[in-house]
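Visitor: The structure under discussion is supplied below as structure tokens; questions concerning it will follow.
The numbers here are math on the coordinates, done by the rules we state, and not lab data. Every value quoted in this text rests on a predicted model; they were computed, and no experiment measured them. Every residue, glycine among them, receives a Cβ derived from its backbone with ideal geometry; neighbour counts consider all protein chains shown.
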Amino acid sequence: PRAGGQCPACGGPTLDLESQRELLLDLAKRSILDKLHLRQRPTLNHPVSRAALRTALQRLHGLPQGALPEDNREQECEIISFAKTGLSTINQTRLDFHFSSDRTAGGMEVQQASLMFFVQLPSNTTWTLKLRVLVLSPYNTNLTLATQYLLEVNASGWHQLLLGPEAQAACSQGHLTLELVPEDQVARSSVILGGAAHRPFVAARVRVGGKHRIRRR
Amino acid sequence: GIDCQGGSRMCCRQEFFVDFREIGWHDWIIQPEGYAMNFCIGQCPLHIAGMPGIAASFHTAVLNLLKANTAAGTTGGGSCCVPTSRRPLSLLYYDRDSNIVKTDIPDMVVEACGCS
């Protein structure tokens, strides 16, 4: 309807088309942010390279799909968190993964988590790698060992390790630290940590918002 | 459902596409390129109340005629133009830790409108 008339639906004053458009765009932004449990759009501090994005999405499609949430108040999502290389020495490398507190505040439950890492091996060699899951204990700021895995790898390329409940719980709390401890010199130089397309990452399937939605309702 | 065209005043679905590049969100929303924030608009005179927004069945048509002929005597609230079918919006985006998140937001896109 033309500006200055009366809105046929609500009887209020009509807006000119430009103001109407502004109002609708603002409504669209609010609606999306609200459904993603975000107060405002995120500012990206560490942009991800297109190569890493492409690699990760290819791997994501390879993961088994989970069951749909039975309760439609919850929302299921998949998160890919790229490793930030933490404190490292010649004998071990630490990988830190962060999961946004927006989601953890709204009630986030990790259903499944896998570590994806790339290995470049000399041909016909096998190497062993110890992977430790370190968690913050409630009483002190030091990281303590929650569990560890022994990996044996005999081929170059991407490898996936399904992480257990300790690692899932750490992701649900928002921060996971993994420590790679190569068993020998070959292994030490084989895990590819850097490079745009080969950054290790954790792919997690998460259920968000059950508690959050009920509280708001 | 009926899509709004020209000056139609009856209940219909108004398409409204939000281009994420236009609102400066294309840096953090990887896919899709925009969001069809369609909405329902228009009037629902009593004799088409309860119309599901699709070609009414014969039964509905008779019911509407009865309503129209006895509309004067009826009291009670009007009928509203509301979504009768919706689908989820699948999003792939970066969160503030630069994690990639893939999620389906249920009931975000209005597919059809009708009179309550």
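Visitor: Using a cut-off of 14 Å between beta-carbons, work out the net charge of the residues near B:Asn38 (Lys and Arg +1, Asp and Glu -1, B:Asn38 not included).
Guide: Neighbour charge sum, excluding B:Asn38 itself: -1.
Visitor: Identify all lysines with a Cα-Cα distance to B:Lys67 below 26 Å; exclude those on the same chain that are fewer than 8 residues away in sequence.
Guide: In chain and number order, there are no partners.
Visitor: Taking the Cβ-Cβ separation of A:Gln111 and A:Leu23 as r and a Förster radius of 35 Å, what is the calculated FRET efficiency to the nearest 0.05? Let's see the in-between values first.
Guide: Numbers: r = 38 Å, r/R0 = 1.10.
It comes to 0.35.
Visitor: Let me ask you something else. Modelled label-to-label distance, A:Thr126 and A:Gln6, 7 Å Cα→beta-carbon offset: nm?
Guide: Calculated label separation equals 8.5 nm.
Visitor: Determine ³J(HN,Hα), in whole Hz, for all residues of region A:38-48 in sequence, where each value follows from phi through the Karplus function 6.51 cos²θ - 1.76 cosθ + 1.60 and θ = phi - 60°; x replaces Gly and Pro.
Guide: 10, 7, 8, 5, x, 9, 8, 8, 10, x, 9
Visitor: Can you tell me what percent of all Cα-Cα pairs in region A:106-157 are more than 14 Å apart?
Guide: For region A:106-157, the fraction of Cα-Cα distances above 14 Å is 69 percent.
Visitor: Next question. Label B:Phe17 and B:Asp3 with points 7 Å out from Cα along Cα→Cβ: what is the distance between them in nm?
Guide: Inter-label distance under the simple model: 1.0 nm.
Visitor: Cβ neighbours within 10 Å, averaged per peptide: list A:22-32, B:87-97, A:118-128 in order, most packed at the top.
Guide: On the way: A:22-32: 15.1, B:87-97: 18.2, A:118-128: 13.5.
Most protected by this proxy first, the peptides run B:87-97, A:22-32, A:118-128.
Visitor: Which distance in nm do the two modelled labels at B:Glu33 and A:Ala51 give, with both placed 7 Å along the Cα-to-Cβ direction?
Guide: 2.7
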